[in-house]
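The values are calculated or read from the model by the stated rules, or taken from the named source; none is laboratory data. Because the structure is a prediction, the values reported are computed rather than measured. Backbone-built Cβ (ideal geometry, glycine too); neighbour counts: all protein chains shown. Accessible surface areas use protein heavy atoms only, side chains included; no ligands, DNA or RNA. Shrake-Rupley method; radii C 1.70, N 1.55, O 1.52, S 1.80 Å.
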Amino acid sequence: MVLKLDHIGVAVSNMEESLKLYTELLGLELHGTEVVEEQKVKVAFLPVGDTEIELLESTSPDGPVAKFIESRGQGVQHLAFNVENIEEALAKMKEQGVRLIDEVPRYGAGGAKIAFLHPKATGGVLIELCQRG
Ligand code: ZN
């Protein structure tokens, strides 16, 4: 069902500082940034091989990324798996009784269709399903 690891979402409190680490120290290339208003987050895309690091900086103190940092500190926030058909994948999860955050997909960064599974159902890892194109 999963095609590949689409990206790893990393919550950061200072985008500029974190970008320096990933571009200057690790030599990754910044492939643009985007603000996702609905999620109150600024996203920076850094491809690495077949996947991507997504740096997430909250644009508001009450956004989900700000809340994540408040309770758990900066760091890996979610894993995103690329699926062929997100509706099908969600239906399968529901059938298996997996608790979902998003019952229906919504649009995330880069116009991808995304949906989150509840971390309580996935051993504490916030998992995003993501369908592109
Ligand atoms: Zn993501």
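Listing for the model above:
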| read-out | value |
| --- | --- |
| Residues of the range 3-37 classified as open to solvent by less than 70 Å² (accessible area, probe 1.4 Å) and outside any helix (DSSP H, G or I), total | 15 |
| Residue among Val10, Val2, Val48, Val43 that is within 11 Å of the ligand (Cβ to nearest atom) and more than 19 Å from Gly111 (Cβ to Cβ) | Val10 |
| Every residue from the range 24-39 that is among the charged types (D, E, K, R) and modelled with pLDDT under 95 | Glu37, Glu38 |
| Residue pairs meeting the criteria (Cβ under 7 Å; at least 6 apart or on separate chains; first on the phi < 0 side of the Ramachandran plot and among the small types (Gly, Ala, Ser), in the range 85-113; second open to solvent by 60 Å² or more (accessible area, probe 1.4 Å) and part of a loop (DSSP other than H, G, I, E, B)) | Ala89/Met1; Ala112/Arg132 |
| The range 51-84 - residue that is polar (S, T, N, Q) and in contact (Cβ under 8 Å) with a residue 12 or more places away in the chain and, of those, farthest from Val104 (Cα to Cα) | Gln74 |
| Number of positions in the range 46-92 that are open to solvent by 30 Å² or more (accessible area, probe 1.4 Å) and aliphatic (A, V, I, L, M) | 5 |
